[in-house]
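The values are calculated or read from the model by the stated rules, or taken from the named source; none is laboratory data. Worth saying up front: this structure is predicted, and the values here are computed from it rather than measured. Cβ placement follows ideal geometry from the backbone for every residue including glycine, while neighbour counts extend to all protein chains displayed.
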Amino acid sequence: MSADNQTVTLCAEAQAFLSREQHGLFIDGEFVAAESGKAINTVNPSNGEVLARLAAGDKADVDQAVKAARRAFEGPWSTWSPYQRQELLFRLHQVLDQRFEELVQIESMDMGAPIARLRNTKPALLKMLLFFAAQAANIKGETLMNGIPEQVATMSLKAPVGVVGGIIPWNGPLNSQFWVLGAVLATGCTVVLKPAEDASLSVLRVAEILHEAGVPAGVVNVVTGYGADAGHALASHPGVDRIAFTGSTQTGRSIIQASTVNIKKLQLELGGKSADILFKDANLEKAVPGAAMGVFANSGQICFAGTRVLVQRSLVDEFSERLMGFMDTLRVGRSMESQSNMGPIISQRQLDSVMSYIKIGQEEGAKLLCGGKRLGGDLENGYFVEPTVFTNVNNQMRIAREEIFGPVLSILPFEDEEEALAIANDSDYGLGGAVWTQDISKALRVVNGVKTGTMWVNCYGYIDPLVGFGGTKMSGYGAKGSAAHLDTYLYSKTVYIEL
Ligand code: NAD
């Protein structure tokens, strides 16, 4: 390791947390063991070693957590004024500002994102808390005109939906839990979070920190465990009013089915296969790194990764050459090494899946431009894959149709705008996408033509809570961010008052 690439030393708080013998479920303000006594090993993907033991919660534990959340929802929490909830969110903003380093260290060890990348997410996380704090005191109904001949005043009020089940994936739990927690705390709901079995630690630590900072017992609960056990139990529990789910389309489908038991409200943020479209007049100084990091950030484990890079045919050679140049700047390494900008894949299972797609791509006739191998040497115990680029890809190949969720970029050539739109829209998914051109009219035509929840023009990956993002088609429904986000944690009550 070079002198400038240091392994970050764990701070005392992160070290103390990680050295706990076993992590319990967080229910009603305290850690408790799973009723079954079962546990799950969670592994550091940078070295394949067991990092911690998690309680393997199941139906019985979910039931306890939902009951605690219900008691809290009906209890003193329900009398908190919007200003009290806003003040709490401002306080949490301060606390997380101070505790951020500890949390990113835990997250980096647990899910393998490079520490430098995670540290850079601090402003985004803090901004999210400010956004939800502002929203807490901005919940409003309407006075409504009516056509009733008698003297009747009419209005609508907003009220919290109740107990929320938050089911989140492993690819960025520190951030993704706050899309749920922020809305829950702003609206006066309560929550049972079910993090992914491969990366639960930052969620457990956040729950504890929030409680210490004044979130009442039972308002935020965490049940760790497998999706088929704890996850399914939460999605099908009759005491849960709403599910906020982020994860794969396949699991999303089973959550829809489970939700029918009591007609739960759903918000589903699912998978993607986003098209990143580069025209020959694109500014390549920006477009090449933009398109590359649209895929390789977080080792490709981002739902809106622009994995289908559509390049105008006359630009393919120059783009490919410049891309290879950019890829030399990527530094794949252990997550806690200060200079890594690409970490490992989350798990052996996910690594196997990514490697199998690389094999499929070659068998389908795509040309491997670079990468394609698992990294060995001093990284052999971790789950590292070389950043990989396929060229000569067509949109019928499985590597262009299925979500790989790894560092695999496919270049698909196109002739003109019409063909670019046809390829972009020939997908089951509709999550993200981008267009790179200096022609604003063309950019807007493409923005209008691509059927997707979010489009970026001459950039990739901005997400802002004030603006929000969401999906269409099989990428799910329900906004994240924007005023619409909070609205889905509330229900509307219409009121008729005879005067
Ligand atoms: P996953 O669907 O396997 O798991 C997500 C969560 O659901 C985990 O907590 C898991 O334990 C739980 N789960 C699994 N089976 C369940 C079941 N039957 N009932 C209830 N819960 C269950 O997804 P993953 O592999 O953890 O994450 C990767 C996927 O998430 C990718 O498809 C990615 O695109 C998607 N994702 C989407 C967004 C978005 O905002 N659209 C963001 C991040 C990740």
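Put simply, of 78, 19 the only residue that is within 30 Å of residue 238 (Cα to Cα), among the hydroxyl-bearing types (Ser, Thr, Tyr), surrounded by fewer than 16 Cβ atoms within 10 Å (Cβ to Cβ) and at pLDDT 95 or above is 78.
Residues in the range 382-417 that are exposed (fewer than 15 other Cβ atoms within 10 Å of the Cβ) and either closer than 19 Å to residue 293 by Cβ or more than 16 Å from the ligand (Cβ to nearest atom) (or both): 394, 396, 415, 416. The set of residues from the range 340-371 being assigned to a loop (DSSP other than H, G, I, E, B) and surrounded by fewer than 22 Cβ atoms within 10 Å (Cβ to Cβ) comprises 341, 347, 365, 371. Checked against (1) in contact (Cβ under 8 Å) with a residue 40 or more places away in the chain; (2) assigned to a helix (DSSP H, G or I); (3) within 16 Å of the ligand (Cβ to nearest atom), residue 420 passes all but a single condition, namely (3). Of all residues in the range 150-177, those being more than 10 Å from the ligand (Cβ to nearest atom), of a type in the set (Val, Ile, Thr) and either in contact with a helix residue (DSSP H, G or I) (Cβ under 6 Å, 6 or more places away or on another chain) or at pLDDT below 95 (or both) number 2.
Checking each residue in the range 253-267 for being near the ligand (Cβ under 7 Å from one of its atoms) and out of contact with any Ser or Thr (no Cβ under 6 Å at 6 or more places or on another chain) picks out 254, 255. Can you run down the residue pairs with Cβ atoms below 7 Å, 6 or more apart or on separate chains, where the first is in the range 201-222 and at positive phi and the partner is modelled with pLDDT of 95 or more and not in a strand (DSSP E or B)? Correct list of pairs: 214/88; 214/91; 218/28; 218/29; 218/68; 218/69; 218/71; 218/72.
Put simply, of 252, 231 the only residue that is in contact with a helix residue (DSSP H, G or I) (Cβ under 8 Å, 6 or more places away or on another chain) and in contact (Cβ under 8 Å) with a residue 40 or more places away in the chain is 231. The single condition among (1) touching an Asp or Glu at 6+ places or on another chain (Cβ under 9 Å); (2) away from the ligand (no atom under 16 Å from the Cβ) that residue 308 does not satisfy is (2). Here 270, 278 are screened, and the one residue that is among the hydrophobic types (A, V, I, L, M, F, W, C) and more than 7 Å from the ligand (Cβ to nearest atom) is 278. Pairing each residue of the range 14-40 that is closer than 19 Å to residue 50 by Cα with any residue that is aromatic (Phe, Trp, Tyr) and in a loop (DSSP other than H, G, I, E, B), provided the two are 6+ apart or on different chains, yields C-beta distances under 8 Å for 40/226.
Among the conditions (1) under 25 Å from residue 51 (Cα atoms); (2) in contact with an Asp or Glu (Cβ under 8 Å, 6 or more places away or on another chain); (3) of a type outside the set (A, V, I, L, M, F, W, C), the only one that residue 127 does not satisfy is (1).
Checking the condition closer than 22 Å to residue 468 by Cβ and within 13 Å of the ligand (Cβ to nearest atom), which residue from 203, 184, 192, 180 passes?
None of the other options fit; the residue is 180.
Among the residues of the range 372-381, those identified as touching an Asp or Glu at 6+ places or on another chain (Cβ under 9 Å), surrounded by fewer than 18 Cβ atoms within 10 Å (Cβ to Cβ) and assigned to a loop (DSSP other than H, G, I, E, B) are 373, 375, 381.
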